[in-house]
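I have placed the structure first, in the form of structure tokens, so that the comments after it can refer back to it.
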Amino acid sequence: MKKKDLEKKLKGYGWWFKRSGGKHDIWTNGEIEEPVPRHREVNEMTAKKILKKASLSPC
């Protein structure tokens, strides 16, 4: 999955970019933080795991 598509979906769940880490960008919904790899293509399994966590978290 492309990183831009993953970020669009995270925004749809009410998440926003918080800061840049070493090799990851940190996204949050105000309660939970999730690292997102800084690659053009994010591994499909990793993307699904991030989106599952984002969709289950309360906003």
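We did not get these values from a lab; they are worked out from the coordinates using the rules stated. Since the model is a prediction, treat every value here as computed from it, not as a measurement. Quick reminder, even Gly has a Cβ in these numbers, built from the backbone with ideal geometry, and neighbours come from all protein chains shown.
Under the classification rounded if a/c is under 1.5, otherwise prolate if a/b is larger than b/c and oblate if not, where does the chain fall, given a ≥ b ≥ c as square roots of the Cα gyration tensor eigenvalues?
Taking the square roots of the gyration eigenvalues as a ≥ b ≥ c, the chain is oblate.
Do any GluC sites (Glu not before Pro) in region 14-59 lie in a loop, going by DSSP, with at most 15 other beta-carbon atoms within 10 Å of their beta carbon, and if so which?
E31
For the chain, which trypsin sites (Lys or Arg not before Pro) are both in a DSSP coil and crowded by at most 11 other Cβ atoms within 10 Å?
K23, R40
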